[in-house]
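Beneath this line is the structure, given in structure tokens, with notes to follow.
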Amino acid sequence: MRVGHPTRRAFELAEGEALLELQGVRVKYGGIEALRGISIYVRRGEIVSLIGANGAGKTTTLKSIMRLVPLAAGTLRFGKRDVSQLTTEEMVEAGVSLVPEGRAIFPSLTVRENLELGAYLHRDKRAMKETLSDIAELFPRLAERWRQEGGTLSGGEQQMLAIGRALMARPALLLLDEPSLGIAPKLVSQIFRAVRRIASAGVTILLVEQNTHMALATSHRAYVLRGGEIALEGPAIRLAANPEIQAAYLGG
Ligand SMILES: Nc1ncnc2c1ncn2[C@@H]1O[C@H](COP(=O)(O)OP(=O)(O)O)[C@@H](O)[C@H]1O
Ligand SMILES: [Mg+2]
């Protein structure tokens, strides 16, 4: 697979160096402070998950990285650059792609048309064909439905399509917002398997999930967000064994 960012070597980061770093990030919606100064990092090559209850601030964290909400305080670093002032489009150009909560595919466009929209930065025909064939290999169910309208797909297939569309931008960093939400269990495991394959192709991943079990089983490290603050962090394997996490998020 060649889904990774073609210029990711230009980041000049060694394996293990932080690709993304948020420091003291605060986001407010009117009077509500959704993020109260969070600091997290994702090393190049890692899968990191951000878990926590509904309303904890997970989506807002991803939106702050994509510059879809303004920062009330704090800084964002991507690669070696301070990206706190960039626009959403500049973040995509820099190599960050978001698979939004709820998928947001175009229901009346075909699977292939939905994917092509994700490639608006890379109109190079050959690169686009390569990425399409990588996506077909990653999600054979999509490849069987290339000409079908997006709206006719099942929830799980739409999630695959949303991930495929984000990969069309050839990201160095992929942000996934609750990819397992409302999806049949059989497809959930296919999606998590695809996430691991994408990571092994060289794409760094920040995964937001309420499916704590699957998220921890798939990640290297994790952060627990509670009320807009980081409550716990550490290697996923250690968090999975933490009695507090087991009681709160893993059904005891
Ligand atoms: N557009 C918005 N306007 C006002 N409040 C919002 C908005 N989006 C989210 N919030 C509030 O911010 C907090 C964090 O929301 P969110 O980041 O969506 O949490 P999560 O993704 O963890 O469920 C919640 O209290 C939510 O109600
Ligand atoms: Mg959310």
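The values are calculated or read from the model by the stated rules, or taken from the named source; none is laboratory data. What you see is a predicted model; the values in this text were computed from it and never measured. We place every Cβ from the backbone using ideal geometry, glycine too, and count neighbours over all the protein chains shown. Areas reflect the complete protein model, heavy atoms only, side chains present, ligands, DNA and RNA absent. Shrake-Rupley method; radii C 1.70, N 1.55, O 1.52, S 1.80 Å.
Listed here are the residues, each with its yes/no results for (1) within 16 Å of ligand 1 (Cβ to nearest atom); (2) open to solvent by less than 20 Å² (accessible area, probe 1.4 Å); (3) at pLDDT below 95.
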{"position": "178", "(1), (2), (3)": "yes, yes, no"}
{"position": "181", "(1), (2), (3)": "yes, no, yes"}
{"position": "196", "(1), (2), (3)": "no, no, no"}
{"position": "202", "(1), (2), (3)": "no, no, yes"}
{"position": "214", "(1), (2), (3)": "no, no, yes"}
{"position": "223", "(1), (2), (3)": "yes, yes, no"}
{"position": "227", "(1), (2), (3)": "yes, no, no"}
{"position": "240", "(1), (2), (3)": "no, no, yes"}
{"position": "243", "(1), (2), (3)": "no, no, yes"}
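Inside the range 82-104, can you point out the residues that are of a type outside the set (Gly, Ala, Ser) and within 16 Å of ligand 2 (Cβ to nearest atom)?
Correct list: 98, 99, 100, 101, 103.
Take the range 102-160 and flag every residue that is of a type in the set (Gly, Ala, Ser) and either touching a Cys at 6+ places or on another chain (Cβ under 7 Å) or on the phi < 0 side of the Ramachandran plot (or both).
Within the range 102-160, 108, 118, 119, 127, 133, 136, 143, 150, 151, 154, 155, 156 qualify.
Restricted to the range 43-81, and to residues that are modelled with pLDDT under 95 and over 20 Å from residue 179 (Cα atoms), which residue is farthest from ligand 2 (Cβ to nearest atom)?
Among residues in the range 43-81 that are modelled with pLDDT under 95 and over 20 Å from residue 179 (Cα atoms), the one farthest from ligand 2 (Cβ to nearest atom) is 80.
Quick one: which strands (runs of 3 or more DSSP E) sit completely within the range 155-252 and have at least 2 residues that are more than 16 Å from ligand 2 (Cβ to nearest atom) and of a type in the set (Gly, Ala, Ser)?
229-235
Regarding the range 58-81, can at least one residue be identified that is within 21 Å of residue 97 (Cβ to Cβ), of a type in the set (A, V, I, L, M, F, W, C), more than 16 Å from ligand 1 (Cβ to nearest atom) and open to solvent by less than 40 Å² (accessible area, probe 1.4 Å)?
yes
Does residue 48 satisfy being assigned to a loop (DSSP other than H, G, I, E, B), within 16 Å of ligand 1 (Cβ to nearest atom), closer than 19 Å to residue 91 by Cβ and touching a Lys or Arg at 6+ places or on another chain (Cβ under 8 Å)?
Against the criterion (assigned to a loop (DSSP other than H, G, I, E, B), within 16 Å of ligand 1 (Cβ to nearest atom), closer than 19 Å to residue 91 by Cβ and touching a Lys or Arg at 6+ places or on another chain (Cβ under 8 Å)), residue 48 does not qualify.
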